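The values are calculated or read from the model by the stated rules, or taken from the named source; none is laboratory data. Since the model is a prediction, treat every value here as computed from it, not as a measurement. Positions of Cβ are generated from backbone atoms using ideal geometry, with glycine treated the same way; all protein chains shown enter the neighbour counts. The protein model used for the area step is the full one, side chains on, heavy atoms only, and it has no ligands, DNA or RNA in it. Shrake-Rupley method; radii C 1.70, N 1.55, O 1.52, S 1.80 Å.
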Amino acid sequence: MLSPRFSVFLLVGLSLASQASAEDLLSPAKREIAMQLVSSAENSSLDWRKQYAYIEDIDDDRGYTAGLIGFTSANGDMLDVVARYTSMRAGNPLSDYLPALKALAAEGDSAHTGLDPDFVDAWKQAAQDPAFRASQDQILTEQYLKPAVEQAKKDGLSTLGQFIYYDALVMHGPGSQRVTFGGIRAAANAVAKTPAQGGSEKAWLNAFLDARVKIMREEKAHEETSRVELEQRRFLKEGHYSLSPPLRWRTNDEDFVIER
């Protein structure tokens, strides 16, 4: 039998572990906040659930951009979404476009070859299907949210740091090239240390955001930096490391708030 004192310590430890787990960006409450924050920057709306049907070419050399976080036809994640959907629902409105999406992704081609004129309508039609929405959710989690959280934890970062990594991964994509998430992190690491390396989280995240802003200003579709300067940098300055409401920020010339 455990002693009363040890039992108390055990309960306190379990409680603290539970709290730490609840702060993870993968938890339902924090994920909801992350989705709203990204949607405010990408779509000028907190209603991220409306974005399953979103699709357009934003002229950023990535072809069609669509869905919750802007899956693209040139970079392969749109292909992954459609392939996952087809594995769940054969003969869906998008399944016939798999060969074209494979060809475009293989070459990193931003053209609409094999997609026009009906791909946009097919995407919007598919977005009415819960299986298609689930496919978007799954690819988002596997390719962006989980990797961001895992790297942030290795770097010793808070929930805010997890979100800052996630938002950068969504916009710039994975990889080690200078303009990708890995390149941005490497640039930050040249001037600051992560908390896991003994550095300050605030200093590290500011260095990371500085490196990201530099890349954003070089890209014609991403040169508007308010999602960094007036959102993430504001949260960092105000000490919102747990990313807990109330949260107030400004992006794309609009003010947003999450009260609770």
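Inspect the range 221-243 for any residue being open to solvent by less than 80 Å² (accessible area, probe 1.4 Å), within 28 Å of GLY76 (Cβ to Cβ), of a type in the set (A, V, I, L, M) and part of a loop (DSSP other than H, G, I, E, B) and give the result as yes or no.
yes
Within the range 244-256, which residues are in a loop (DSSP other than H, G, I, E, B) and within 14 Å of ALA41 (Cα to Cα)?
Correct list: ASN252, ASP253.
Is there any pair with a first residue in the range 218-233 that is farther than 14 Å from ASP59 by Cα and a second that is hydroxyl-bearing (Ser, Thr, Tyr) and surrounded by 14 or more Cβ atoms within 10 Å (Cβ to Cβ) whose Cβ atoms are under 7 Å apart and which are 6 or more apart or on different chains, and what are they?
SER226/THR251; ARG227/THR251; LEU230/THR251; GLU231/THR251
Exactly one of (1) under 15 Å from VAL170 (Cα atoms); (2) in contact (Cβ under 8 Å) with a residue 60 or more places away in the chain; (3) aliphatic (A, V, I, L, M) is unmet by MET78. Its number?
If we test MET78 against (1) under 15 Å from VAL170 (Cα atoms); (2) in contact (Cβ under 8 Å) with a residue 60 or more places away in the chain; (3) aliphatic (A, V, I, L, M), just (2) comes out false.
Name every residue in the range 12-46 that is modelled with pLDDT of 90 or more, within 20 Å of LYS153 (Cα to Cα) and open to solvent by 40 Å² or more (accessible area, probe 1.4 Å), in order of residue number.
Within the range 12-46, LEU26, PRO28, ALA29, ARG31, GLU32 qualify.
For the range 57-72, what are the residues that are in a strand (DSSP E or B), surrounded by fewer than 23 Cβ atoms within 10 Å (Cβ to Cβ) and of a type outside the set (D, E, K, R)?
THR65 - this is the single residue of the range 57-72 that is in a strand (DSSP E or B), surrounded by fewer than 23 Cβ atoms within 10 Å (Cβ to Cβ) and of a type outside the set (D, E, K, R).
For VAL120, only one of the following conditions fails: (1) out of contact with any strand residue (DSSP E or B) (no Cβ under 7 Å at 6 or more places or on another chain); (2) open to solvent by 20 Å² or more (accessible area, probe 1.4 Å). What is its number?
VAL120 satisfies all of (1) out of contact with any strand residue (DSSP E or B) (no Cβ under 7 Å at 6 or more places or on another chain); (2) open to solvent by 20 Å² or more (accessible area, probe 1.4 Å) except (1).
So that you can scan it fast, the table gives a plain yes or no per residue for (1) under 30 Å from VAL257 (Cβ atoms); (2) hydrophobic (A, V, I, L, M, F, W, C):
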| residue | (1), (2) |
| --- | --- |
| LEU46 | yes, yes |
| ARG49 | yes, no |
| ASP57 | no, no |
| LEU98 | no, yes |
| LEU104 | no, yes |
| PHE119 | no, yes |
| GLN136 | yes, no |
| THR141 | yes, no |
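Could you say whether any residue in the range 110-117 is more than 27 Å from ARG227 (Cα to Cα), open to solvent by 50 Å² or more (accessible area, probe 1.4 Å), of a type in the set (Asp, Glu) and in a loop (DSSP other than H, G, I, E, B)?
Taking every residue of the range 110-117 in turn, at least one turns out to be more than 27 Å from ARG227 (Cα to Cα), open to solvent by 50 Å² or more (accessible area, probe 1.4 Å), of a type in the set (Asp, Glu) and in a loop (DSSP other than H, G, I, E, B).
What are the residues in the range 164-186 that are of a type outside the set (A, V, I, L, M, F, W, C) and farther than 20 Å from ALA66 by Cα, if any? Spell out how you get there, then give the answer.
Quick first cut of the range 164-186, residues of a type outside the set (A, V, I, L, M, F, W, C) only: 165-167, 172-178, 180, 182-183, 185.
Once the filter is applied, which keeps residues that are of a type outside the set (A, V, I, L, M, F, W, C) and farther than 20 Å from ALA66 by Cα, the range 164-186 yields TYR165, GLY175, SER176, GLN177, ARG178, GLY182, GLY183, ARG185.
Yes/no matrix, rows are residues, columns are (1) among the hydroxyl-bearing types (Ser, Thr, Tyr); (2) touching a residue at least 40 places away in the same chain (Cβ under 8 Å); (3) crowded, with 16+ Cβ neighbours inside 10 Å:
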position	(1), (2), (3)
PHE181	no, no, yes
ASN189	no, no, yes
TRP249	no, yes, yes
ASP253	no, no, no
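Can you tell me which of (1) touching a Lys or Arg at 6+ places or on another chain (Cβ under 7 Å); (2) within 22 Å of GLU23 (Cβ to Cβ); (3) assigned to a helix (DSSP H, G or I) is the one ILE184 doesn't meet?
Going through (1) touching a Lys or Arg at 6+ places or on another chain (Cβ under 7 Å); (2) within 22 Å of GLU23 (Cβ to Cβ); (3) assigned to a helix (DSSP H, G or I) one by one, ILE184 breaks only (2).
Return yes when ALA196 is surrounded by fewer than 15 Cβ atoms within 10 Å (Cβ to Cβ), in a helix (DSSP H, G or I) and in contact with a Ser or Thr (Cβ under 8 Å, 6 or more places away or on another chain) and no when it is not.
no
Looking at the range 156-177 only, could you name the residues that are part of a loop (DSSP other than H, G, I, E, B) and surrounded by fewer than 23 Cβ atoms within 10 Å (Cβ to Cβ)?
GLY156, SER158, GLY173, PRO174, GLY175, SER176, GLN177
Given the structure, is ARG49 open to solvent by 60 Å² or more (accessible area, probe 1.4 Å) and touching a Lys or Arg at 6+ places or on another chain (Cβ under 9 Å)? So that I can check it myself, show each step before the final result.
Numbers: open to solvent by 60 Å² or more (accessible area, probe 1.4 Å): yes; touching a Lys or Arg at 6+ places or on another chain (Cβ under 9 Å): yes.
It is true that ARG49 is open to solvent by 60 Å² or more (accessible area, probe 1.4 Å) and touching a Lys or Arg at 6+ places or on another chain (Cβ under 9 Å).
Inspect all residues belonging to the range 97-104 and state whether any of them is free of Cβ contacts under 8 Å to residues at least 12 places away in the same chain and not charged (D, E, K, R).
yes
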